[in-house]
Amino acid sequence: MANGRRDETERAGPASYERVKIPLKILRNLAVAGLFFRCIAAAQSSQSSQSAQSAEVTIQTLPKRFVIDELKILKSPFRKSSYSTGTVKKYVVPFALISAALIATDRHTLDALPNTRDQTVWSGRASQLGSAYSLIGVSGGAYLVGKFKGNQHAQESGLLAFEALGHAQIATFALKQLTNRERPLEHDRRGGFWEGGNSFPSGHAASIFAVATVFAYEYRDHPAVPILAYSLATAVSASRLSASKHWLSDIFVGGSIGFLMGRSTFNRHHQAGLNGKLMPQVGVSPSGAALAWRF
């Protein structure tokens, strides 16, 4: 009899496991959806008036600002306003449809590329411009230049770019842990979710778009800056696809996260009185002429 009960228990074990496996997968899907809403809610909150943001952006206040903003972002999925009709129509529906379409066609998109060794090697090198340590250098460099020249606007640009980069890194890291998607070069290019990978979304795309968006908004009065910033961000993000490091949907979602985090950070903390223009300086001498931009 004891052996009979033990056999029945052993037979019941796997069945019990199968019964809880599906709900756990559903919970993970809900958690991913919640993080998408987090980014969308951040975009919605970025519509708030800038006039209320009068505190000076300094390196001393950076830790406090960052923590407060991150807590607001984390709470955004639980706010009723994040799910308003306008938000859903303007952000959620297009974002969800485009993401789903790209995920469904990811393998076909990647197969359309030549996928030669030279392509992947050179693209991989170019994509390092979107790594966190490279962008920390860009943000820090802008701050130091502003500090050295006494330019408060350049200092703000560097600090806000650094903050947006941090928010984008946290969001992408959390999504990577929840989705565990395989990278294109793993397991016969299946791109499966919850398979132990870390492909979705692209951290490089999120990072460079976060920084590019801050600079594009800070210097939006000079059209060349947004064009250059977004062009560079797009090129670096695309290089992650041609390097076979990410799927196209990874890049789209990562870039969207970066853009929303950059715009949200700018709208919350930019001081409206700062001059966002780059001033041209023209020099003429017997040997020729020179054109430079002062910021």
Residues of the stretch 54-80 satisfying the condition of being part of a helix (DSSP H, G or I) and without any contact (Cβ under 8 Å) to a residue 40 or more places away in the chain
Pro63, Lys64, Val67, Ile68, Leu71, Lys72, Leu74, Lys75, Ser76, Phe78, Lys80
Residues of the stretch 208-225 being part of a helix (DSSP H, G or I) and either open to solvent by 20 Å² or more (accessible area, probe 1.4 Å) or among the aromatic types (Phe, Trp, Tyr) (or both), which ones?
Phe209, Phe215, Tyr217, Ala224, Val225
Give me a count of the residues in the stretch 231-248 that are of a type in the set (A, V, I, L, M, F, W, C) and either without any contact (Cβ under 8 Å) to a residue 24 or more places away in the chain or part of a loop (DSSP other than H, G, I, E, B) (or both).
3
Whether any residue in the stretch 160-169 is part of a loop (DSSP other than H, G, I, E, B) and within 17 Å of Leu232 (Cα to Cα) is what I want to check.
no
Residues (under 15 Å from Gly258 (Cα atoms) and open to solvent by less than 40 Å² (accessible area, probe 1.4 Å)) located in the stretch 172-187:
Thr172, Ala174, Leu175, Lys176
Looking at Thr61, is it hydroxyl-bearing (Ser, Thr, Tyr) and farther than 30 Å from Lys147 by Cα?
no
Within the stretch 191-207, track down each residue that is part of a loop (DSSP other than H, G, I, E, B) and either free of Cβ contacts under 8 Å to residues at least 60 places away in the same chain or surrounded by 16 or more Cβ atoms within 10 Å (Cβ to Cβ) (or both).
Gly191, Gly192, Phe193, Glu195, Gly196, Gly197, Asn198, Ser199, Phe200, Pro201, Ser202
Taking the stretch 98-141, which residues are in contact with a Phe, Trp or Tyr (Cβ under 8 Å, 6 or more places away or on another chain) and open to solvent by less than 50 Å² (accessible area, probe 1.4 Å)?
Ser99, Leu102, Asp106, Thr109, Leu110, Ser139, Gly140
Out of Lys149, Lys72, Lys90, I need the residue that is at negative phi and at pLDDT below 85. Which one?
Lys90
Please work out which residue is most open to solvent (accessible area, probe 1.4 Å), limiting yourself to the stretch 83-97 and to residues that are closer than 16 Å to Gly254 by Cα and of a type in the set (A, V, I, L, M, F, W, C).
Leu97
For Leu228, all conditions in the list (1) in a loop (DSSP other than H, G, I, E, B); (2) of a type outside the set (Asp, Glu); (3) surrounded by fewer than 21 Cβ atoms within 10 Å (Cβ to Cβ) hold save one; what is the number of the exception?
(1)
Out of curiosity, is Thr179 at pLDDT 95 or above and closer than 27 Å to Gln119 by Cβ?
no
Out of all the residues in the stretch 244-262, is one or more open to solvent by 10 Å² or more (accessible area, probe 1.4 Å) and out of contact with any helix residue (DSSP H, G or I) (no Cβ under 8 Å at 6 or more places or on another chain)?
no
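The values are calculated or read from the model by the stated rules, or taken from the named source; none is laboratory data. Since this is a predicted model, take the numbers as computed values, not measurements. When we count neighbours, we look across all protein chains shown, and the Cβ atoms used for this are built from the backbone with ideal geometry, even at glycine. For accessibility, only protein heavy atoms count, side chains too; no ligands or nucleic acids. Shrake-Rupley method; radii C 1.70, N 1.55, O 1.52, S 1.80 Å.
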